[in-house]
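In what follows, a structure is listed as structure tokens, so that the remarks can point back to it.
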Amino acid sequence: MNGTTNVSHTNDSIDDIKAGIRRRLDEVAPELVTLSRRIHAHPENAFEEHRAAAWCTDLLRAHGFAVTAPAYGLPTAFEATAGSGPVTVALACEYDALPGLGHACGHNLIAAAGVGAGLALAPFADELGLTIRVLGTPAEESGGGKALLLDAGAFAGVDAAMMIHPCPFDVADFHSYAMGSLDITYTGKSAHAAMNPEDGRNAADALTVAQVALGLLRQHLPSDWKVHGITTGAGTALNAIPERAHASYALRTPSAPELRALRARVEDCFRAGALATGCEVALAQPSPDYLDFRSDPELVALWTANARAVGRPEPTVRGPFASTDMGNVSHAVPSIHPVLNIGTTACGPHQPEFTAAASTPAAERTMLDGALSLAWTAADLHTPTAAQD
């Protein structure tokens with residue numbers, strides 16, 4: 001953990017502080033539930049989360065945090081700090097929604113948990129030798145907000161970065177896929193579909209050829225390499241040869257080097273569509289690559305003990321099952337990204353049912369569990385000097 005020191009979290013002084021952290025969280029819990037519900041009721045997509053960011057910063061500022069908003073060149077990012085200790089803990093808050101699905105990934109709960117952990121820790125930060133940095137991190141679903149913030153210095157000097165994520169199960173040692181984005185635009189030539197189709201160059205056909213090529217490619221890919229996407233446009237009138245077609249794709253692999261290899265093969269499939277139909281193709285990468293998440297073992301051990309003490313079920317062990325821009329942070333800073341069951345085993349994120357589940361009392365209880373476990377884990381990173389004081 002980059003040499004960060006901690007003393008036994010079973011000594012009396014830390015037990016007393018943790019009891020105080022719990023009491024403080026109980027005091028602010030109604031405000032956190034209100035925050036989560038407001039964000040859930042007003043979903044905002046990537047880089048548009050103006051209200052969510054403002055609601056988070058209003059609450060942090062009201063409880064004494066020094067707030068910078070906007071921050072690091074992103075209009076919907078913020079930084080809120082408390083304490084002045086030598087060990088800096090970053091608590092990441094996500095709050096973007098999914099287009100058409102709202103908060104089907106439960107980012108309203110992530111924001112409230114990160115804010116809650118910060119509020120619970122703040123009165124004890126100096127005693128623990130901690131600096132608390134609550135970061136508002138927009139555009140996780142698309143856009144790579146944390147990757148942009150990392151490049152801009154938001155995580156500079158951070159000793160540990162933490163967040164939680166709602167899920168249908170509990171996992172402490174989280175792993176993710178590396179993920180890359182790809183936007184495809186075909187340009188052909190319009191013509192009347194009955195009078196002179198021979199004069200046209202069908203951009204929709206180019207996309208069809210590429211999708212067939214991708215389907216054939218999949219049989220030669222490792223089972224943990226993923227390619228999936230959507231067609232976002234392929235003509236406007238059925239009696240006109242489509243002169244434009246658009247698609248957006250995501251590529252996932254267990255590691256960044258594999259991602260580069262997969263991207264080269266997938267891009268060739270889209271070039272093949274253009275070659276076969278006489279169209280032109282433009283390939284663009286709209287977001288930074290998301291790196292695979294690497295959990296810090298020491299932080300995982302601390303989190304697991306604290307989540308157990310809070311009353312969470314024993315975590316399960318799973319391989320990669322998602323992607324996150326928190327992966328980029330984990331390559332630069334010791335990090336954890338535990339996932340917590342919000343009481344919905346019948347559905348997973350990115351489903352309408354999960355949107356509904358993310359605003360239930362069970363989900364809100366999980367959010368508070370996550371906030372307390374994060375705060376206690378941060379408290380365990382206290383410096384020996386601070387503990388003796």
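Only the coordinates and a few stated rules stand behind these numbers; no lab work does. Predicted, not measured: the structure shown is a model, and the values here were computed from it. FYI the Cβ positions are ideal-geometry reconstructions off the backbone, even for glycines, and counts take in every protein chain you see.
Quick one: angle between helix 12-41 and the longest Cα principal axis of the chain, in degrees between 0 and 90, rounded to 10, please.
40 degrees
Tell me the angle of helix 361-379 to the major Cα principal axis of the chain, expressed in degrees between 0 and 90 and rounded to the nearest ten.
60 degrees
Order the peptides 220-226, 113-119 from the highest to the lowest mean number of other Cβ atoms within 10 Å of their residues.
Output ranking for 220-226, 113-119: 113-119, 220-226.
Could you rank the peptides 29-41, 275-287 by their average count of other C-beta atoms within 10 Å per residue, with the highest value first?
My ranking of the peptides, most packed first, is 29-41, 275-287.
Taking every pair of Cα atoms in the stretch 255-355, average 1/r, invert it to obtain the Kirkwood radius, and report Rg/Rh to two decimals.
Result: Rg/Rh = 1.13.
Report the relative contact order of the stretch 278-330, percent, no decimals, based on alpha-carbon pairs under 8 angstrom and at least 6 residues apart.
Relative contact order for the stretch 278-330 comes out at 61 percent.
Nearest 10 degrees, 0 to 90: what angle lies between the long axis of helix 256-277 and the longest principal axis of the chain (Cα atoms)?
Relative to the chain, helix 256-277 is tipped by roughly 20 degrees.
On a straight-distance basis, which aspartates and glutamates could pair with Lys189 in a cross-link, Cα separation under 19 angstrom, same-chain partners fewer than 8 positions away excluded?
The qualifying aspartates and glutamates are Glu198, Asp199, Asp205, Glu243, Glu280.
For the stretch 11-119, what number results from the quotient of the Cα radius of gyration and 2.2 N^0.38 Å?
In units of the globular-protein estimate, the stretch 11-119 measures up at 1.13.
Starting from the Cα of Lys226, draw a straight line to each of the lysines and keep only those under 30 Å, dropping any in the same chain fewer than 8 residues away.
Leaving aside lysines fewer than 8 places away in the same chain, those within reach of Lys226 are Lys146.
Please give me the summed charge of the neighbours of Gly136: other residues whose Cβ is under 10 Å from its Cβ, Lys and Arg +1, Asp and Glu -1. Present the calculation step by step, with values, prior to reporting the outcome.
Numbers: positive: none; negative: Glu49, Glu79, Glu94.
Spelling it out: positives minus negatives among the neighbours equals -3.
If packing is taken as the average count of other Cβ atoms within 10 Å, what order do 322-328, 183-189 fall into, highest mean first?
322-328, 183-189
By the gyration tensor of its Cα atoms, with a ≥ b ≥ c the square roots of the eigenvalues, what is the shape of the chain: rounded for a/c under 1.5, prolate for a/b over b/c, or oblate?
Because a/c hits 1.5 or more and a/b exceeds b/c, the chain counts as prolate.
Report the relative contact order of the stretch 9-129, percent, no decimals, based on alpha-carbon pairs under 8 angstrom and at least 6 residues apart.
32 percent
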